[in-house]
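Single-structure report; data block below.
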Amino acid sequence: MRIAVAGLSHETNTYAVASTGMTTEERFLALTGEAIRERFTGTGWAVGGILDECARREDDAVPAFFAWAEPSGTIDSAAYAALKEHLLQALRAAMPVDAVALELHGAGVVEGIDDLEADLGGAIRRLVGPDVPIAATLDLHGNATPAMADAYDLLLGCHLYPHTDLYDRGVEAVELLHRVVEEGLRPVVHVEQLPILLPPSTTDGDSPATRANQVCAQLEARPGVIDCTLMHGFPFTDVPDTGSSIIAIADGDRGLASAVGTEAARWVWAHREDFRIENDTPESAVRRAANATSFPVVVNEPSDNPGGGSPGDGTHLLRAMLAAGLSRACFGFISDPEVVQAAIGSGVGTRVKVNLGAKHDDLHGLPIPVEGLVRCITDGRFVLRAMLSGLELDLGPSCRLTVDDVDIVVTSKPFQTIDPEVFLLHGIDVSRYKVIGLKSSQHFRAGFRDLASLIVTADSPGLTTNRVDVFEHVRARRPLWPISPEARYVG
Ligand SMILES: [Zn+2]
């Protein structure tokens, strides 16, 4: 089979515009043609799974265009127009094809376009015509819509948070496209929307999201059902369709897809209170970590998670760690290019006085005046291992500053901490520390769950706080739980 492979993935935090501005074209990693195969073959991305499965089946996979940016503010209209045009042009050049396989996100918002994925899907459909099946993988944080269901033949959200199954969903996309083209499978997609703003909910352990996945898996096992997936939705986006949903896909049977979606949605609605999260403050989290009896303890700060569009230079948790006088503690990492430049200017082995962090706004804290020993300077380049494996990150010039007994990694660019690689780059073996502070909501579990004796979440004011009810959703189509207790689901 000849399969065009493409992607355009962005998780848009519409509230982030006030802090870090609109998302421009330069923020995207954009690749065309063979560069996509070179970059993503064998990686843990959905497009990696798509390419690998095509290779295993000896399909003629044609890499067309792929663009991805870290979560950030609304995409400006010129940037989206350019990216969309690149993608369509590359698809046009790849035609004729038997199928199209895409990696998308599901929470893309463009200035003037609330539903990036539906808009893009419509344009691709017009290009390839009604008979070429289009499959798209999604991040479970996508705010899925009926318009997306209309635009694609297959919408496959990942099931796990941390998203360690993106690759598997890419593989499934190719498998199902083969069944459509070769066996006459006729997928119909139904999106059942729930009036729920789900807080960031891990699927580690016996969590409510894990139990929801089990319910979906049971429904998916019914005859005629192709897929059933809980989409958590992305609460940090203010568009009419923000919220959780179920994507149900059945073989040629719209009624079955709708019934399965409704049944899974009823379960989530009935169990919504289980998803509520109560977190420590940074101060109480640090106290719990310091008083623990086995180590290391990981303290994560979800409220300034660049993986959700926050600036990554917030200081609430780091300030609490420094104020507590912790011993054998490390923090990785905070983004502050000015401080890195000061450290480079001062040199390894010297002490620098800097105002660390919080250069974007006051919401994520105030700069911390510190005097630190410059222990090392790096190029900020390393490869992720635990999730999005194979992605080479380039966080720009970076350094390790030691303040009292706290080793702090400072980078030039933000990213969330997913695994210990950024610490290793700076000579820090986290297993020898008592307290590890980091910025991430849930993805860090992929790289730290096996080495942490305890995980404590420190929530504070921030653009990605677990307290999803603090964000006004003025554009929401209907009342949303938990902001509005009067919200109702009638399925
Ligand atoms: Zn996600």
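Restricting attention to segment 138-150 and to residues that are within 11 Å of GLU117 (Cα to Cα) and crowded, with 24+ Cβ neighbours inside 10 Å, the residue that is farthest from the ligand (Cβ to nearest atom) turns out to be MET148.
When segment 453-475 is filtered for residues that are more than 22 Å from the chain's Cα centre (by Cα) and assigned to a loop (DSSP other than H, G, I, E, B), the ones remaining, listed by number, are SER453, VAL474, ARG475.
Checked against (1) part of a helix (DSSP H, G or I); (2) within 16 Å of the ligand (Cβ to nearest atom), LEU424 passes all but a single condition, namely (2). I want to confirm something. Restricting to segment 287-322 and keeping residues that are within 16 Å of the ligand (Cβ to nearest atom) and either surrounded by fewer than 22 Cβ atoms within 10 Å (Cβ to Cβ) or not in a helix (DSSP H, G or I) (or both), which single residue is farthest from the chain's Cα centre (by Cα)? Among those residues, the one meeting the criterion is ASN300. Of all residues in segment 380-402, exactly one satisfies the criterion of being farther than 21 Å from GLY307 by Cα and surrounded by fewer than 19 Cβ atoms within 10 Å (Cβ to Cβ), namely THR402. Just give me the residues in segment 178-236 being buried (at least 24 other Cβ atoms within 10 Å of the Cβ), assigned to a loop (DSSP other than H, G, I, E, B) and of a type in the set (Val, Ile, Thr), in sequence order. Residue satisfying the conditions is THR203 alone. For segment 166-177, the set of residues classified as within 16 Å of the ligand (Cβ to nearest atom) and surrounded by fewer than 23 Cβ atoms within 10 Å (Cβ to Cβ) consists of ASP168 only. Among the conditions (1) modelled with pLDDT under 95; (2) surrounded by fewer than 23 Cβ atoms within 10 Å (Cβ to Cβ), the only one that LEU463 does not satisfy is (2). Any residue that is surrounded by fewer than 22 Cβ atoms within 10 Å (Cβ to Cβ), away from the ligand (no atom under 16 Å from the Cβ), modelled with pLDDT of 95 or more and over 19 Å from THR12 (Cβ atoms) - is there at least one of those in segment 100-123? The answer is no, given that none of the residues of segment 100-123 is surrounded by fewer than 22 Cβ atoms within 10 Å (Cβ to Cβ), away from the ligand (no atom under 16 Å from the Cβ), modelled with pLDDT of 95 or more and over 19 Å from THR12 (Cβ atoms). Does segment 195-218 hold any residues that are more than 17 Å from VAL260 (Cα to Cα) and touching a helix residue (DSSP H, G or I) at 6+ places or on another chain (Cβ under 8 Å), and which are they? Within segment 195-218, ILE196, LEU197, LEU198, PRO199, PRO200, SER201, THR202, THR203, ASP204, PRO208, ALA209 qualify. Quick one: which of GLU26, GLU58 is acidic (Asp, Glu), at pLDDT 95 or above and in a helix (DSSP H, G or I)? Checking each option against the conditions leaves just GLU26.
The values are calculated or read from the model by the stated rules, or taken from the named source; none is laboratory data. What you are looking at is a predicted structure, and each value in this text was computed from that prediction instead of being measured. Neighbour counts run over all protein chains shown; Cβ positions are idealised from the backbone, glycine included.
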